[in-house]
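Trainee: My questions will all concern the structure given below.
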Amino acid sequence: MNVTRDLFNEVMVPNYNPAAIIPVKGLGSRLWDQAGTEYIDFAGGIAVNVLGHCHPELVNTLKKQGETLWHLSNVLTNEPALRLAKELVNVTFAEKVYFANSGAEANEAALKLARRYALEKFSEEKNQIIAFKQGFHGRTFFTVTVGGQAAYSDGFGPKPGNIEHVEYNDLAALEALISDKTCAVMMEPLQGEGGIISPTNEFAKGVRALCDKHNALLIFDEVQTGVGRTGDLFAYMGLDVVPDILTSAKALGGGFPIGAMLTTTAIAEHLKVGTHGSTYGGNPLACAVAETVLKIVNTPEVLNGVKRKEQLYRSGLQAINQKYACFSEIRGKGLLIGAVLNEQYAGRARDFLVASADEQLMCLVAGANVIRFAPSLVIPDEDIQQGLVRFERAVAKVVNA
Ligand SMILES: Cc1ncc(COP(=O)(O)O)c(C=O)c1O
């Protein structure tokens, strides 16, 4: 069969508009399309491929598990799921783990748990959820409504209720809204899709204190920041603020779909048998791969490498900016980096993305004003350097057009 980009329009639901090329092979931080054209990957499958494409240890794990046991469902538990849960408990604040298949599903579980916890422990009236403008938590109806862009949840009929939003980094706004009727505050410990926005330390600590004051659970959505992305295993560790519930996905599977919700025993016990579930949650293939991802990422070599590589990006992007004066700021943490367009180029992040693809470089946007980089955490320094050369050519094209 002749597989072309046109086939997408013919047979796929039109909710995406993928690029014109179709990648057919990946290795490390390189990708090749059907014509054999090679690309450097600064996008990492939207912050997923933390160990690049086809990392040999992940391939081996998947092959081995693939020849052993694929799927059982939740009627039976399995060794990879239990080993992964034990490891997540060992390396985080958490005492209990729930497995899902995606970030949205992990967040859905977190939100349902928070509501159930408040209802059982306090009262039916304690059901308000507070989240942040520009926040992103997934596309299920509950998570997209908790997300901070109404445009994503509008147009689907009545929304889940009692969900409020305040500005990120505005502690006073949160303080004005939060009350004993709040059951949870959900936040990303660095807003990704919303534009690569770091919380101030005062804000992060203040949110924790307000949650404590009002017996509200603090949910950290670490779907994008978790598993090494910021240079800490989880971003909460770098902020020195411990959430009550944490969600992880994306990087956790290194490209194999998995999500996880982590929490304490006291909170977890409110999701009793039969209250929530997923056929595939804890799938042996996914959990085996994630176990290997975690083992490799949670090493000083990889985590320190993230911090060092961040500096390569920052100095390279600053050098480009000195020549072309198109960014107002380079921001983010670890290998979740945003180049913010200045006023002259406001709203044109997509143009830079398209120009980059023309120069054989894959990158991302985070809103209309920010070019986002979320490469493999083990991207070779030469690939960063070469990718930045390509990016400079893309910037020159846009600026000189
Ligand atoms: C912070 C955050 N939460 C949740 C999600 C949703 O994850 P998924 O697409 O796996 O459902 C994303 C995806 O971009 C995300 O960045």
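The values are calculated or read from the model by the stated rules, or taken from the named source; none is laboratory data. Computed from a prediction, not measured in an experiment: that's the story for all the values here. Here Cβ is always computed from backbone atoms with ideal geometry, including for glycine, and neighbour counts include all displayed protein chains.
Trainee: For the stretch 260-269, state whether one or more residues are modelled with pLDDT of 95 or more, farther than 23 Å from Thr200 by Cβ and part of a loop (DSSP other than H, G, I, E, B).
Mentor: Yes: the stretch 260-269 contains one or more residues that are modelled with pLDDT of 95 or more, farther than 23 Å from Thr200 by Cβ and part of a loop (DSSP other than H, G, I, E, B).
Residue-by-condition table, conditions (1) within 12 Å of the ligand (Cβ to nearest atom); (2) assigned to a helix (DSSP H, G or I); (3) modelled with pLDDT of 95 or more; (4) of a type in the set (Ser, Thr, Tyr):
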residue: Tyr168; (1), (2), (3), (4): no, no, yes, yes
residue: Ala176; (1), (2), (3), (4): no, yes, yes, no
residue: Ser179; (1), (2), (3), (4): no, no, yes, yes
residue: Val185; (1), (2), (3), (4): no, no, yes, no
residue: Val223; (1), (2), (3), (4): yes, no, yes, no
residue: Leu233; (1), (2), (3), (4): no, no, yes, no
residue: Pro243; (1), (2), (3), (4): no, no, yes, no
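Trainee: Of all the residues that make up the stretch 69-115, how many are in contact with a strand residue (DSSP E or B) (Cβ under 7 Å, 6 or more places away or on another chain), small (Gly, Ala, Ser), within 19 Å of Gly254 (Cα to Cα) and within 16 Å of the ligand (Cβ to nearest atom)?
Mentor: Selection size over the stretch 69-115: 4.
Trainee: Considering only residues that are more than 16 Å from the ligand (Cβ to nearest atom) and of a type in the set (Lys, Arg), which ones fall in the stretch 116-135?
Mentor: Arg116, Lys121, Lys126
Trainee: Something else now. Taking the condition assigned by TED's automatic domain parsing to the domain that holds Tyr117 and in contact with a Cys (Cβ under 8 Å, 6 or more places away or on another chain), does Ala209 pass?
Mentor: So Ala209 fails the test.
Trainee: For the stretch 240-249, does any single residue satisfy the condition of being farther than 21 Å from Arg83 by Cβ, under 14 Å from the mean Cα position of the chain (by Cα) and surrounded by 24 or more Cβ atoms within 10 Å (Cβ to Cβ)?
Mentor: no
Trainee: Moving to a separate point now. Mind listing whichever residues of the stretch 146-157 are farther than 15 Å from Leu190 by Cβ and surrounded by 21 or more Cβ atoms within 10 Å (Cβ to Cβ)?
Mentor: Val146, Gly147
Trainee: List, please: which pairs have Cβ atoms under 6 Å, are six or more places apart or on different chains, and start with a residue in the stretch 173-189 that is without any contact (Cβ under 8 Å) to a residue 60 or more places away in the chain and end with one that is of a type in the set (Ser, Thr, Tyr) and surrounded by 15 or more Cβ atoms within 10 Å (Cβ to Cβ)?
Mentor: Here the result reads Pro189/Thr225; Pro189/Tyr236, each pair linking the stretch 173-189 to a residue that is of a type in the set (Ser, Thr, Tyr) and surrounded by 15 or more Cβ atoms within 10 Å (Cβ to Cβ).
Trainee: Can you tell me which condition Gly138 does not meet? The list is (1) under 17 Å from Ala266 (Cα atoms); (2) within 16 Å of the ligand (Cβ to nearest atom), and all the others hold.
Mentor: Every listed condition holds for Gly138 apart from (1).
Trainee: Considering only residues that are surrounded by fewer than 21 Cβ atoms within 10 Å (Cβ to Cβ) and either without any contact (Cβ under 8 Å) to a residue 24 or more places away in the chain or part of a loop (DSSP other than H, G, I, E, B) (or both), which ones fall in the stretch 195-205?
Mentor: Gly195, Thr200 - these are the residues of the stretch 195-205 that are surrounded by fewer than 21 Cβ atoms within 10 Å (Cβ to Cβ) and either without any contact (Cβ under 8 Å) to a residue 24 or more places away in the chain or part of a loop (DSSP other than H, G, I, E, B) (or both).
Trainee: Just name the residue that is farthest from Arg372 (Cα to Cα) out of those in the stretch 307-332 that are part of a helix (DSSP H, G or I) and among the aliphatic types (A, V, I, L, M).
Mentor: Among residues in the stretch 307-332 that are part of a helix (DSSP H, G or I) and among the aliphatic types (A, V, I, L, M), the one farthest from Arg372 (Cα to Cα) is Ala319.
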